[in-house]
Amino acid sequence: METTVNVEDPYGPPPPSEDPRPLSRRIVEATLVLNARRRFRLLSPTLSRRSSLNHEGLSRNSSSQFGSGRKTYIAPGKFAYRLLRKVRDKNAPEVTAARNEGFPDMDALYLAKLMEDKNLDQLAFLGDANGVCRSLKVEKMVGVQEDDIERRRRAFGSNAPERKVMRGFWSFVWDAMHDFTLFILAICALVSVILGLTAGGSNSEGWSDGLGIAFSIVLVVMVTSLSDYKQSLKFANLEREKEKVFVDVVRGGKRKKVLSAELVVGDIVLLGVGDQVPADGLLLVSNKLVVDESSLTGESQPSRKDARQKPYVFSGTLVMEGTGTMLVAAVGMNTVWGGAMSLVDTTICEQTPLQEELDRLVTKIGQIGASVAVLVLVISVVRYVWWKQPLGFWQWGSEQWLDVLQIFAVSVTIVVVAVPEGLPLAVTLTLAYSMDRMIQDRALVRHLSACETMGSATTICSDKTGTLTSNKMTVVDAWMCGSSCGNVQACVQNLSAATKDLTIEGIAFNTSGDVIMPAESDAPPSSCTVIGSPTEAAILSFGLDINGRFSELKKKHKLLAVEPFSSEKKKMGAAVKSTRGDVCVHWKGASEIVLQMCDSLRMLDDSVIRLDDALRRQIKDVISRMTERSLRTIGLAYKNIDPRGCPWDLQQAEDMAWKLPQDDLTFLGVLGLQDPPRPGVAKAVETCEKAGIAVRMVTGDNLGTARAVAKQCGIWKPGDLCVEGPVFRKWSDDQKRAFAGDIKVGETHFYYCNLF
Ligand SMILES: Nc1ncnc2c1ncn2[C@@H]1O[C@H](COP(=O)(O)OP(=O)(O)OP(=O)(O)O)[C@@H](O)[C@H]1O
Ligand SMILES: [Ca+2]
């Protein structure tokens, strides 16, 4: 299974196409195009912000001090120069703040610069990440003490995202008025009112036309700005919700979850697959850590990190593989990401196909109308002056001028009639209406145009866990040592003490989660807190249920090496050394994959028998019986190895690039994890299908499990196609095109293609 999309793959995303129109043409169109302002809002640096950066002093309240200092830092040229000066300036507010709080060797600017430069010599000079730990007065294993957090926030700034100033209603009105169509209409309205009043006298025809147009303009502006304003209020709330991301940290010697906004410099953060790095930092420990930095650098290849050679990790990047422990060195606006974000306006506003089409149409009609009007004006005036009017131009009185005004009025009428003034109104009203309907359905839409874009969707590809299912897993079935048991407790009673110990050892060490034990040693397992992904949490709870005294075990045994979980390999492993000195390698993962790695099976009486074809088939049957009940199946296996040649500890394993043995394992058993579908999913799927939208499931889970869940959700019906990635990739291009539309369940990594 490939995680990165192959560029040469014909099913990969199409390369960005060059705009074929010549530049001059594009410029003309750009100037003519309606809503020109909106068009050019695409991620352009906001000038007002830039200038405010220029003027912003560095001596305001403490949190914004760092913000503004950092902004000047990441900006090119002049700003960078200013920062360099400030870094050396011992009286810069950042330096003073840190010194006052008892950090004489470190300050926010210095750390930000260290992170930005990724300079290894500089880091070596500081004594590596451990040296930085010392300067930041934090112990690697203990982390920051709870009562020390405020001080650090005062010294180095806060990780809370900068609150955007809420825009007022009138700024939305102002925005809504920047519309070329409305501009033309406004001129037309003005001219017709003036002409109506002067030329028409008591005749109300002229100015009533003008008033009508003016009324429609006011209506359009009000509807657009009101709904935009209402949305912005709702979105401000939503943003606040979105900021509630929890990260695993070690504080006061305990592992716990805190809000990413509450991180401070010096915090020890634990990173795992799928985590977004919450701040800039230095790796203290890493296990095959691979990070996707594309959001920051644009580099599409994930980058491998390690605590020695590439210890710099950055906020906003994504952990693709492996695990790591990071020391937070820069937070909030001092991070590279925070700094970059302060310089750009992230409001990306693209027009929808309908709006673009309308733009083109209105522009064309406007152009034709205007040319005809000018033509009529010129011909009529020439005709009037040359043929109809006996008097010379300089002898004209008010009567003649009024005649000319009449001619002008006719031309304006042509423009007014030609420009479809009802069009923007109709479109705006329709979109506002659908937006309101969506709000009633508790769907927030930020821009009116999104309604239309969503309305054109024909296929929804949905993730399984957490989207279609409730993301709460529990082990409800287990097959251990050749014996199937209806319920977990029964199974546990059957197991011998040695097998139980072996299983618990694997569960406790071969995990990316953790179990937090209460202080008193005889506390019941139910009072423990389990941390980790839903799969991990379910397995750890199962471990607790079979009487796992995790803390005792962790004291007696030592973790030598790990192979972190990746969605691609669908398995993870760990080598554990016991007090007796023997080393056991534990593996767990998708059951069919773990089974392939095994050549023997552990039995209830602790004997080990060879896995022949009949036995394998039997185990596969067990697995498919579980998957038919929509259970996620996790296989457990182990292998005792010779302690000679094993690494001492995790760091040595990483340095030696030691690989965990992964064949000729002994199969221990299969766990069946239940994750019930979310209530209401089946109905939602049905509604989509009725609306002509095909719903497909994309998952990394076992095909049988995926199919069973898809069936429960109403996505899969007998006869629909289910395909695994490897099978799909073997298809010819024609086959892919022909069958793609019929696939209802597929594996995660092939849906990058644009087949629908
Ligand atoms: N913590 C874990 N330890 C071992 N194996 C795991 C773990 N988590 C998942 N697996 C196995 O790896 C497979 C892929 O897991 P992953 O979490 O990547 O699935 P996914 O693609 O996100 O699926 P979904 O669509 O259900 O979210 C799972 O089917 C499971 O068998
Ligand atoms: Ca997932």
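Please work out which residue is farthest from ligand 1 (Cβ to nearest atom), limiting yourself to the range 254-278 and to residues that are at pLDDT below 90 and part of a loop (DSSP other than H, G, I, E, B).
D275
Those residues that are within 16 Å of ligand 1 (Cβ to nearest atom) and polar (S, T, N, Q), I need them from the range 567-581; list them, please.
The answer is S567, and nothing else.
Looking at the range 132-167, which of the residues that are part of a helix (DSSP H, G or I) and either among the small types (G, A, S) or in contact with a His (Cβ under 8 Å, 6 or more places away or on another chain) (or both) is farthest from L120 (Cα to Cα)?
So, considering only residues that are part of a helix (DSSP H, G or I) and either among the small types (G, A, S) or in contact with a His (Cβ under 8 Å, 6 or more places away or on another chain) (or both), the one farthest from L120 (Cα to Cα) is A155.
Which of the residues belonging to the range 107-131 are under 17 Å from Y312 (Cα atoms) and outside any helix (DSSP H, G or I)?
K118, N119, G127 - these are the residues of the range 107-131 that are under 17 Å from Y312 (Cα atoms) and outside any helix (DSSP H, G or I).
Take M141 and decide whether it is loosely packed, with under 14 Cβ neighbours inside 10 Å, at pLDDT below 85 and of a type in the set (A, V, I, L, M, F, W, C).
no
Any chance the range 565-579 includes a residue that's of a type in the set (D, E), within 16 Å of ligand 2 (Cβ to nearest atom) and closer than 19 Å to D663 by Cβ?
There is at least one residue in the range 565-579 that is of a type in the set (D, E), within 16 Å of ligand 2 (Cβ to nearest atom) and closer than 19 Å to D663 by Cβ.
Looking at (1) open to solvent by 40 Å² or more (accessible area, probe 1.4 Å); (2) on the phi > 0 side of the Ramachandran plot; (3) modelled with pLDDT of 90 or more, which is the one condition that is false for A684?
Every condition holds for A684 apart from (2).
Residues that are crowded, with 17+ Cβ neighbours inside 10 Å, free of Cβ contacts under 8 Å to residues at least 24 places away in the same chain and away from ligand 1 (no atom under 12 Å from the Cβ): which helices (runs of 4 or more DSSP H) entirely in the range 450-566 hold 1 or more of them?
488-494
Which condition number does C584 fail, the rest of (1) away from ligand 1 (no atom under 11 Å from the Cβ); (2) within 35 Å of the chain's Cα centre (by Cα) being met?
Status for C584: all satisfied but (2).
Any residue in the range 272-285 that's closer than 14 Å to V247 by Cα and not assigned by TED's automatic domain parsing to the domain that holds S566: show its pairings with residues that are away from ligand 1 (no atom under 16 Å from the Cβ) and open to solvent by 20 Å² or more (accessible area, probe 1.4 Å) at Cβ separation under 8 Å, as long as the two are six or more apart or on different chains.
Q276/V245; P278/V245; P278/S260; A279/S260; D280/V336; D280/W337
What helices (runs of 4 or more DSSP H) lie completely within the range 677-736 and have 1 or more residues being of a type in the set (F, W, Y)?
725-730
Return the pair list, or none, for Cβ contacts closer than 7 Å from residues in the range 683-698 that are away from ligand 2 (no atom under 16 Å from the Cβ) to residues that are of a type in the set (K, R) and part of a strand (DSSP E or B), at least 6 apart or on different chains.
Partner pairs satisfying both residue conditions: none exist.
Does the range 640-649 include one or more residues that are at pLDDT below 90 and open to solvent by less than 50 Å² (accessible area, probe 1.4 Å)?
The answer is yes; a qualifying residue exists.
Here are some conditions: (1) touching a Leu at 6+ places or on another chain (Cβ under 7 Å); (2) more than 21 Å from G513 (Cα to Cα); (3) surrounded by fewer than 24 Cβ atoms within 10 Å (Cβ to Cβ). K310 meets all but one. Which one does it not meet?
For K310, the exception is condition (1).
Can you tell me how many residues within the range 110-148 are among the acidic types (D, E), over 17 Å from D267 (Cα atoms) and in contact (Cβ under 8 Å) with a residue 12 or more places away in the chain?
Final tally of qualifying residues: 1.
For residues that are open to solvent by less than 20 Å² (accessible area, probe 1.4 Å) and closer than 16 Å to D436 by Cβ, tally how many sit in the range 212-236.
Number of matching residues: 5.
Residues checked against (1) out of contact with any strand residue (DSSP E or B) (no Cβ under 7 Å at 6 or more places or on another chain); (2) open to solvent by 60 Å² or more (accessible area, probe 1.4 Å); (3) not in a loop (DSSP other than H, G, I, E, B):
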site	(1), (2), (3)
M626	no, no, yes
I634	no, no, yes
D655	yes, yes, yes
Q662	no, yes, no
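Which ones in the range 546-581 are basic (K, R) and within 23 Å of L665 (Cα to Cα)?
Those that are basic (K, R) and within 23 Å of L665 (Cα to Cα): K558, K569, K570, K571, K577, R580.
Let's see how each residue does on (1) of a type in the set (K, R); (2) more than 16 Å from ligand 2 (Cβ to nearest atom); (3) at pLDDT 85 or above; (4) out of contact with any helix residue (DSSP H, G or I) (no Cβ under 7 Å at 6 or more places or on another chain):
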residue: D701; (1), (2), (3), (4): no, no, yes, yes
residue: G704; (1), (2), (3), (4): no, yes, yes, no
residue: A708; (1), (2), (3), (4): no, yes, yes, no
residue: W716; (1), (2), (3), (4): no, yes, yes, no
residue: L721; (1), (2), (3), (4): no, yes, yes, no
residue: F728; (1), (2), (3), (4): no, yes, yes, no
residue: Q735; (1), (2), (3), (4): no, yes, yes, yes
residue: A740; (1), (2), (3), (4): no, yes, no, yes
residue: H749; (1), (2), (3), (4): no, no, no, no
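Restricting attention to the range 424-449, report how many residues are at pLDDT 70 or above and either among the aromatic types (F, W, Y) or open to solvent by 50 Å² or more (accessible area, probe 1.4 Å) (or both).
10
Looking at the range 567-609, what strands (runs of 3 or more DSSP E) fall wholly within it and have at least 3 residues that are over 18 Å from I619 (Cα atoms) and open to solvent by less than 50 Å² (accessible area, probe 1.4 Å)?
Passing ranges, in order: 571-577, 583-590.
Among the candidates L284, L327, which residue alone is touching a Lys or Arg at 6+ places or on another chain (Cβ under 7 Å) and either surrounded by fewer than 24 Cβ atoms within 10 Å (Cβ to Cβ) or at negative phi (or both)?
Just one listed residue meets the conditions, L284.
If V670 passes every condition in (1) part of a strand (DSSP E or B); (2) surrounded by fewer than 17 Cβ atoms within 10 Å (Cβ to Cβ); (3) touching a Gly at 6+ places or on another chain (Cβ under 6 Å) but one, which one does it miss?
(2) is the only condition that V670 fails.
The values are calculated or read from the model by the stated rules, or taken from the named source; none is laboratory data. Everything quoted here is computed from the prediction, not taken from an experiment. Neighbour counts run over all protein chains shown; Cβ positions are idealised from the backbone, glycine included. Surface areas here come from the heavy atoms of the whole protein model, side chains and all, with no ligands, DNA or RNA. Shrake-Rupley method; radii C 1.70, N 1.55, O 1.52, S 1.80 Å.
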